[in-house]
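Peer 1: Supplied in structure tokens, the structure appears directly below.
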Amino acid sequence: MIQGVPTAAYMEHDLPLELLQQGWKKFWSKRESRPYFWNKLTGESLWEMPILKPQFDPITDPLGICNPPPPVMNGPPGPMPLKRRASEEAVGSPILKKFILAGPWDLEVQTNVIIYERPPMTNPHPHTEIEAFRCLLALKLRQCYQELCHSREGIDAPKESFNRWLMERKVIDMGSDPLLPSNCYPEISMSMYREIMNDIPMKLVRPKFVGDARKQLSKYAEAAKKVIESREASPESRKVVKWNVEDTFQWLRRTLGNTYDDFQDRLAHLKRQCQPHLMETVKSSVEGICSKIYHLSADYAKKVKEKHAELLKEQGVSDMVVVPQMVHLRKVWCYPVQFAMLACPRLLLPVEYHVERDQSLLRFHGDTMYINTTHLQKLEQLYRCSCFDDKKFEFFLHRVWCMLKRYNTFGGSMSEGQGTQASLPVTVFECLNRMFGVTFECFASPLNCYFKQYCSAFPDTDGYFGSRGPILEFKPLSGSFEANPPFCEELMETMVDHFERLLSDSSEPLSFIVFIPEWRDPTPNALQKLEASHFKRKQVVVTAYEHEYRHGFQHIVSKSDLNVRSAHGTLVVWLQNSAGFHRWGPNEERVEALLEAFRPGRERERDRQELLSPQRNNPGDAVPNPQTPPDKVPVVPMAVPVVSVQVSTGPPI
């Protein structure tokens, strides 16, 4: 077989024209000595003549809503023998052969989430030239933030502060740009303001030795004195800070043999005395930094919009979109976001594709994006299932490049962005699906998602790969969800409010299992809200250093670096309405299984067992896994995925 296509000659003249138009072809099986039928659009393989299915419009009826699939049952499917030969087949419906892409995900899990039908998205399709321009401006904005902090306050920009600013702004942003905040109120971000203030007059780190603790106390006193003398401070503030600094220097000179704790206590005392006066002194300067960054972002977003409109005009694509009104709200299975603008502008410059060992390189105009080959195959699978306007995969590489560029810009450096995109271990996802019926991730991306149903930050680049849009705009009626939000206090607090509204409004089974860091000092509002929620059914804490997360850049790091030990505890909270608790309640057995799945090394044990499993060695004769529908047979992924990208066509009907 080549790319899943049988090599035997096929007989098109034996099929009706309608079936040929739907992608069916007829082949001869040498093994069975009889004909079979294969669909080049969906990958379906049948022994009997396929039934003519009604055509559907992928825009008005993207998932065949007029003929919805049967409800998805939670729990392991009933026993059904896997038929591989004609002698073993029972009388009845033909066996459907499907191919499963192996990897740290399960894209075959069907959704149990029901939503109201929603209008398509009005954003224009992403374009490689526009995305490169947007990301260049975002990089300039990040560099400007670093320069302002250094020149005005004498500090480096707080680590991951810019990333958290982007997330905090997007909670309230009403602008049209998917990355750059442009219409926010208030203009000054309290997240950015707090983090800069916390590092003034200098960034404090926990010292390792007594000498380091003494040196840090001395440096803090020097920095506080420098700030109060170089700024326009009130006489009272100047007096208090100078007196405390001088008292600290005298204490350092007259005391010998102090312990580590003595220096730490003295530093805490000095900070308590000086920090309020320092904050009052630099308040207007720090507010100026926050305001300047926001206004620059709004200006950059305007430039991107103008450049995109100019490109559409040059190619004769209208940017005037009429969004259809949803007069009759229908309940449907959740489906990926759709674009209201049907026309996609031409892509003039190609995206070059190269392979280096286990990584694939996508290069546009000299700008190279890296991705592990297995993850590129995953994107191909998601694209085939979720994208309806590119049956010949003509835009696939461009859209992958845009998505990679967006997340690369959003995350910043490897040391900063990996925490934002970290995900739960595979064993935890398997347990959540098996024990609690979870089929949907609230915070994910095409790169780190385990299920094919997920919400993500950027619907314009991620919608082609199955994203249901931002979670704060997603309003499910029923279903079981996993939520592992980025560690941004404003985003986590808004998430809890959103979940509580959804649980209050729905009488159907609805469940959210939330994973957030157990930060107790100071206790953040999100954690307090979670613990005080009247929808809380149970909470447990997974101890620090006794569990792992998957690396935020799992799509480019080597397999040996995938698992990262968590330095903080993780609080797991079950938020469920009455129907959700009745169906997916956290009883003792289920919770114990989840904690066991979190155990360090559990994922590596799972991978080792799969490698030694005989069904992996001979996928053609695999015995169905109790968690996998018995009509799906896992196969080894293709060695060179892009060949299939060029010849693959269309989504499954």
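Peer 1: I'd like the GluC sites (Glu not before Pro) in the range 211-249 restricted to DSSP loop residues with at most 10 other Cβ atoms within 10 Å, sorted by number. Please list the in-between numbers first.
Peer 2: Values: sites: Glu222, Glu229, Glu232, Glu236, Glu246; in loops: Glu232.
Passing sites in the range 211-249 are Glu232.
Peer 1: Let me ask something else about it. I'd like the chymotrypsin sites (Phe, Trp or Tyr not before Pro) in the range 492-528 restricted to DSSP loop residues with at most 16 other Cβ atoms within 10 Å, sorted by number. Intermediate values should be presented prior to the final figure.
Peer 2: Values: sites: Phe499, Phe512, Phe515, Trp519; in loops: Trp519.
Those that pass, being in a loop and sparsely packed, are Trp519.
Peer 1: Taking the Cβ of Ser189 as the centre, find all other residues whose Cβ is under 12 Å away and add up their charges (Lys, Arg: +1; Asp, Glu: -1).
Peer 2: Working: positive: Arg164, Arg169, Lys170, Arg194, Lys292; negative: Glu168, Asp173, Glu187, Glu195, Glu287, Glu489, Glu490.
That sum, taken over residues with Cβ under 12 Å, equals -2.
Peer 1: To continue, here is another question. Take Val496, Val540 and order them by how many other Cβ atoms sit within 10 Å, fewest up front. Walk me through the intermediate numbers first.
Peer 2: Working: Val496 25, Val540 15.
Sorted ascending by nearby Cβ count, the order is Val540, Val496.
Peer 1: Still on this structure, please answer the following. Check Leu101: other-chain or 5+ apart residues with amide H under 5 Å from its amide H, H built from backbone geometry?
Peer 2: none
Peer 1: By count of other Cβ within 10 Å, fewest leading, how are Asp106, Asp462 ordered? The partial results should precede the final answer.
Peer 2: Values: Asp106 18, Asp462 31.
The most exposed by this proxy come first: Asp106, Asp462.
Peer 1: Can you work out ³J(HN,Hα) from phi for every residue in the range 213-223, in order, using Karplus 6.51 cos²θ - 1.76 cosθ + 1.60 and θ = phi - 60°, giving whole Hz and x for Gly and Pro?
Peer 2: 5, 5, 5, 5, 4, 5, 5, 5, 4, 4, 5
Peer 1: Amide H neighbours of Gln338 under 5 Å, at least 5 residues apart or on other chains, H built in the peptide plane: list them.
Peer 2: Those lying under 5 Å, H to H, from Gln338 are Met121.
Peer 1: Then there is this: Once the Cβ-Cβ distance between Ser151 and Gln315 is put in as r, and R0 is 51 Å, what FRET efficiency do you end up with, to the nearest 0.05? Display every interim value, and only then the final one.
Peer 2: Numbers: r = 42 Å, r/R0 = 0.83.
Between Ser151 and Gln315 the formula returns 0.75.
Peer 1: Right, here's the next one. For the residues Val541, Val400, what sequence is obtained by ranking on other C-beta atoms within 10 Å, fewest first?
Peer 2: Lowest to highest Cβ neighbour count: Val541, Val400.
Peer 1: In whole Hz and in residue order, list the ³J(HN,Hα) couplings for the range 364-369 that follow from phi through the Karplus curve 6.51 cos²θ - 1.76 cosθ + 1.60, θ = phi - 60°; x for Gly and Pro.
Peer 2: Result, ordered by residue: 10, 6, x, 9, 9, 10 Hz.
Peer 1: Please list, by residue number, every one of the trypsin sites (Lys or Arg not before Pro) in the range 255-333 that is coil in DSSP and has at most 15 other beta-carbon atoms within 10 Å. Each step should come with its number before you reach the end.
Peer 2: Numbers: sites: Arg266, Lys271, Arg272, Lys283, Lys292, Lys302, Lys303, Lys305, Lys307, Lys313, Arg330, Lys331; in loops: Arg330.
Those satisfying the criteria are Arg330.
Peer 1: Then there's this: Restricting to the range 415-634, compute how many DSSP beta bridges are antiparallel as a %, nearest 5. Intermediate results must be reported in sequence, preceding the final value.
Peer 2: Details: 17 of 26 bridges.
Roughly 65 percent of the beta bridges in the range 415-634 run antiparallel, per DSSP.
Peer 1: Determine which lysines satisfy two conditions relative to Lys225: a Cα distance under 22 Å, and not lying fewer than 8 residues away in the same chain.
Peer 2: Once the sequence-local lysines are set aside, what remains near Lys225 is Lys203, Lys215, Lys239, Lys242, Lys271, Lys283.
Peer 1: Enumerate the amide H contacts of Phe443 below 5 Å, restricted to partners 5 or more residues apart or on another chain; note that Pro and chain-start residues carry no placed amide H.
Peer 2: Cys455, Asn484
Peer 1: Given a cut-off of 27 Å, name the pairs among Lys331/Lys378; Lys159/Lys292; Lys170/Lys307 whose C-alpha atoms lie farther apart than that in the structure shown.
Peer 2: Details: Lys331/Lys378 29 Å; Lys159/Lys292 19 Å; Lys170/Lys307 22 Å.
Beyond 27 Å: Lys331/Lys378.
Peer 1: Could you go through the range 263-280 in sequence order and give the Karplus-derived ³J(HN,Hα) for each residue, using 6.51 cos²θ - 1.76 cosθ + 1.60 with θ = phi - 60°, rounded to whole Hz, and x for Gly and Pro?
Peer 2: Along the range 263-280, the couplings run 5, 5, 5, 5, 5, 4, 5, 4, 5, 4, 6, 8, 4, x, 6, 5, 5, 5 Hz.
Peer 1: Label the range 330-411 by shape, choosing from rounded, prolate and oblate, from the square roots a ≥ b ≥ c of the eigenvalues of the Cα gyration tensor; if a/c is under 1.5 it is rounded, and otherwise prolate applies when a/b is larger than b/c, oblate when it is not.
Peer 2: Numbers: a/c = 1.95, a/b = 1.53, b/c = 1.28.
It comes out prolate by the Cα gyration axes.
Each reported figure results from applying straightforward, stated rules to the coordinates on display, with no laboratory input. This one's a predicted model, so the numbers in the text were calculated from it and none came from an experiment. No Cβ is skipped: glycine too gets one built from the backbone with ideal geometry, and neighbour counts run over all protein chains shown.
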